[in-house]
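Asker: First the structure, then my questions, so here it is.
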Amino acid sequence: MEAQPEKVAVLRAGTNIEATIEKSIGLLGGLNLKRDNLVVIKPNICYPKNIDNMVITDLRILEAVLNIVKRRTANILVVESDSFSGTAEKRASATGVIDIVKKCGAEFLNLSRDEVEAHNVAGFTLHIPKTVLKADYFVNLPKVKTHTFVQISVAMKNMFGVLADNDKDKFHSRLADVVVYLNQTIRQDLIIADGIIAMEGLGPIHGKLVNLGLIISGRNPVSVDAVCCHIAGFNPYDIEVMRKAQQLEMGEIDIEQIRILGEKIEDVKTKLSNPYFTPKNVFAALKTGFKLYTKR
């Protein structure tokens, strides 16, 4: 039997985020979640301040996904790990994530406090939390952003945040290899990418907001990221993480081989500024930095 092309749903977010996400899940073939499964949800909570709603996953998306999932199971964990920008609890509390988790009756887990498995990759030892490896169902909720190290940060790069290691900066010299390995090792059952407000320029924190107004969904992180690349005006073949993933047959990055559902790429395409140190991007980063360091 000939393999079916990966499906990626591209929808305008609209005012009813939960309805849009439900529609996208339907286009993908349904939630496919068994009752009482352990569901692990990984939003992007990379920083304790969400300037212009462009830094972390939109809380409306997190709440909508929690509401949808809890109709099938009460066994839900929202997860994040410690990083240079503080503990997972500090960032989740400061950004309002904890409030949403409590409101929806789920639990929050700091993966840096979880039991881990040691994996040797690219000359490093990665500590992967057992919770993400044993999850019955894993939901990835990334933010669409440019990134100074990997050019674009969506589903694949968001998995870097599951590592229990506190000193993740040491992996940056082989970041592409580490990110690819994590996506190869941890199964993802559903990806809902937040493209409502994206970030361009010197991301993942000091960029500039872009109103994309989109929610991009799929089941394969490689194909989801490839579609996001085309929406953002990037060629996925120019991005090391994407090339390595396709070479390992982890997913498709040829847009002609991906089944796009919902909006046509040409109708929603918005060129994002590359994460280069241009005068325009540096000026935008300074403005964002001022907001970051003056906002309480």
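Asker: Within a Cβ distance under 15 Å of Glu263, other residues only, what is the Lys/Arg minus Asp/Glu net charge? It would help to have the intermediate numbers written out before the result.
Answerer: On the way: positive: Lys7, Arg12, Lys23, Arg259, Lys264, Lys269; negative: Glu266, Asp267.
My count for the surroundings of Glu263 gives +4.
Asker: Once the dipole of the chain is set up with Lys and Arg at +1 and Asp and Glu at -1 on Cβ about the Cα centre, which of Met156, Val282, Gln246 lies farthest towards its positive end?
Answerer: Farthest towards the positive pole: Val282.
Asker: For every other residue with a beta carbon closer than 10 angstrom to the beta carbon of Val8, add +1 if it is Lys or Arg and -1 if Asp or Glu, then tell me the sum.
Answerer: Once all neighbours under 10 Å are counted, the net charge is 0.
Asker: What is the extension gain from Asn120 to Glu18, computed as 0.36 nm multiplied by their sequence separation minus the C-alpha to C-alpha distance, in nm to one decimal?
Answerer: On the way: separation 102, 0.36 × 102 = 36.72 nm, distance 3.95 nm.
Using 0.36 nm per residue and subtracting the Cα-Cα distance, I get 32.8 nm.
Asker: First select every other residue whose beta carbon is under 11 angstrom from the beta carbon of Ile239; then total the charges, Lys and Arg +1, Asp and Glu -1. Can you show the working numbers first?
Answerer: Working: positive: Lys157, Arg243, Lys244; negative: Asp225, Asp238, Glu240.
Combined, the nearby Lys, Arg, Asp and Glu give 0.
Asker: If you don't mind, there's one more thing I want to ask. Residue by residue through region 186-199, which ³J(HN,Hα) values in whole Hz follow from phi under the Karplus form 6.51 cos²θ - 1.76 cosθ + 1.60 (θ = phi - 60°), with glycine and proline marked x?
Answerer: Values, residue by residue: 9, 5, 10, 9, 8, 10, 10, 8, 7, x, 5, 10, 9, 10 Hz.
Asker: Sticking with this structure for a sec: Relative contact order for region 80-121: what is it in percent, counting Cα pairs under 8 Å that are at least 6 residues apart? Before the final figure, lay out each step's value.
Answerer: Details: 22 pairs, mean separation 17.6, N = 42.
Relative contact order for region 80-121 comes out at 42 percent.
Asker: Tell me the Kirkwood hydrodynamic radius of region 199-266 in angstroms, computed as one over the mean inverse distance between distinct C-alpha pairs.
Answerer: Details: mean 1/r = 0.0776 Å⁻¹.
Every distinct Cα pair counted, the radius reaches 12.9 Å.
Asker: Continuing with this model, one more query. Can you tell me how region 228-291 classifies by the Cα gyration tensor, rounded, prolate or oblate, using a/c under 1.5 as the rounded cut? Spell out each step's value before the answer.
Answerer: Details: a/c = 3.16, a/b = 1.70, b/c = 1.86.
Here region 228-291 falls in the oblate category.
Asker: How large is log10 I(q)/I(0) at q = 0.10 Å⁻¹ when the Debye formula is applied to the Cα atoms of region 165-296, each weighted equally and without solvent?
Answerer: -0.38
Asker: Tell me, how many Å apart are the Cα centres for region 28-45 and for region 54-97?
Answerer: Region 28-45 and region 54-97 have Cα centres separated by 13 Å.
Asker: About its Cα centre, how strong a charge dipole does region 7-294 have in debye, to the nearest 20, once Lys and Arg get +1 and Asp and Glu get -1 at the Cβ? Intermediate values should be presented prior to the final figure.
Answerer: Values: 36 positive and 32 negative charges, 100 e Å.
About 480 debye.
Asker: Let me make sure I get this right: for region 7-294, a, b and c are the square roots of the gyration tensor eigenvalues over alpha carbons, sorted descending. Under 1.5 in a/c it's rounded, otherwise prolate if a/b > b/c, else oblate. Which is it? Write out the running numbers ahead of the final one.
Answerer: Numbers: a/c = 1.17, a/b = 1.07, b/c = 1.09.
It is rounded, given that a/c, with a ≥ b ≥ c, falls under 1.5.
Asker: Suppose only helical runs count, i.e. DSSP H with n ≥ 4. What mean residue ellipticity at 222 nm does that imply for the chain under -39500 (n - 2.57) per run, divided by all residues and rounded to the nearest 500 deg cm²/dmol?
Answerer: Working: 11 runs with 96 residues, N = 296.
The helix-only estimate for the chain comes to -9000 deg cm²/dmol at 222 nm.
Each reported figure results from applying straightforward, stated rules to the coordinates on display, with no laboratory input. As the structure is a computational prediction, the values presented were derived from the model and not from experiment. Because the Cβ atoms are built from the backbone with ideal geometry, glycine has one as well, and the counts that use them run over all protein chains shown.
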